[in-house]
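Following: one structure in C-alpha cells, then a few remarks.
The values are calculated or read from the model by the stated rules, or taken from the named source; none is laboratory data. Keep in mind that this is a model prediction, so the values were computed, not measured. All Cβ positions, glycine included, derive from the backbone under ideal geometry; neighbour counts span all protein chains shown.
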Amino acid sequence: MKRSNLLSAICLIALLFSGCFSFGGSYNVSGTVVDLDGNPIAGVEVVAEGEKPVIESTDAEGKFTFTGLEGSVTISAQKDGYLFSGPYTVKKQEKALEILGVVGSVDVSGEGTVQVALNENGTATLKAIPDGDWVFIRWEGSLDGNTNPASVTFDQPKNITAVFRNFYTDEGNLEWAPELLGLPEFWAGRYSREEFVIESSGGFLKLTMSPTYEYAALSNVIIPNSAVKARVTVVDVSGNINSGFWRLRLTNPETESTQNVAGGSTPAKDAVETKNIPTASLNLIQEGKPVNIEIGGNWTAGEWAVFKLEFLDAEDNAVAF
C-alpha cells in the first residue's frame, strides 16, 4: 500500500473510532441562591434537567453543586413560598450561577397557567395562559386589574392569583357575567360595518361608531332568571359626540325579533338608565332560554362611548352567574 493511502486509512479509522467513543466529556456546575439583599436561601431544591434529572438542595450558605453533567442541561429552583429567576440552560461550567429568590406565590383559579419571568431586580413578568375555552379574567391578591402580561415587583412578600373562567354551558351558550363586557373577542358587529370598532376600556365595552348605525352583539346568552331589569351606565365618551342615539336591545335568537330595553339620545358621560325587561325577552330569560344582547346606536362617526351593563333583580341587585 502506498504511504499516502496508508495515512488516509489510518486517519479514517481514527475518525470512526473517535466518533463511536467520544461523548464530549462531562462538566460540573455550581452556584448560589440568594434573596434581593444577597442573603443566602437554604433548603432550595435546584433541579438539573437533562438526560438524567438530578436534584440538589442548597446548604446554609445557599450553595449547590452538580457534578458529572453531560450535554445541554436546564437548571431551575423551587421552594414553597418563593419565586425564582431562571430557568438557565448550560452546556458547560462558565461561571458560578446566581439564582434570585423572592418571597411570594402565583396561583391559579380555574383552568390555565401563569408563566413567571423574574429578573435580577425582583421584577416579574406574569403571563396568564388559559386552557381550552377558559379565558383570563383578572388578577387578585397583591395585583389587580386584567392587564396581561403584567409586571410586578416583589420588593416585599406578595401573593397573586390569576383568575380564569369558562363562560360556556354544555349546550354552547354563554352564562351572563359582567366580565364579558371587557372581553371584546366575544362580541361581534351586528351589521359588520368596517369602521365600527369593539374594544375594552377598563373592563367595560367601548364602541367606536361607523358612519351609520351599528350594534355590538353578544350571542346566545343565558341570563339568570331572577333578572327583571337592565341598567346601562355610559361610563365615558369621546369629546366630539354631538348627535345620534344609543340603544340596548334583546333579541330572540330563533325568531330574530328585537326589543328595545333601554336607550336615549346622544351618549353622555355618567348617564344611567334603568328599565324593566320587556315581556317577550323576560319570558325567554325566565324559561332559561338564550337571548342576544345588542348595544350600539348611531352617533358621530369615529367617536366612541364606553358602556357598563347590569341585569338586576326586583330589589335592584345585580345578578350574574
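Here are some notes:
- Members of region 92-108 that are touching a residue at least 60 places away in the same chain (Cβ under 8 Å) and over 20 Å from VAL152 (Cβ atoms): LYS92, GLN93, ALA96, LEU97, GLU98
- ASN292 vs. criteria surrounded by fewer than 17 Cβ atoms within 10 Å (Cβ to Cβ) and either touching a residue at least 60 places away in the same chain (Cβ under 8 Å) or not hydrophobic (A, V, I, L, M, F, W, C) (or both): no
- For region 50-79, the set of residues classified as farther than 18 Å from ALA96 by Cβ, at pLDDT below 95 and surrounded by 15 or more Cβ atoms within 10 Å (Cβ to Cβ) consists of GLY50 only.
- Scanning region 90-116 for residues that are surrounded by fewer than 14 Cβ atoms within 10 Å (Cβ to Cβ) and under 29 Å from THR147 (Cβ atoms) gives ASP107, SER109, GLU111, GLN115.
- Elements of type strands (runs of 3 or more DSSP E) in region 135-204, at least 3 residues being over 26 Å from PRO224 (Cβ atoms): 150-153, 158-165
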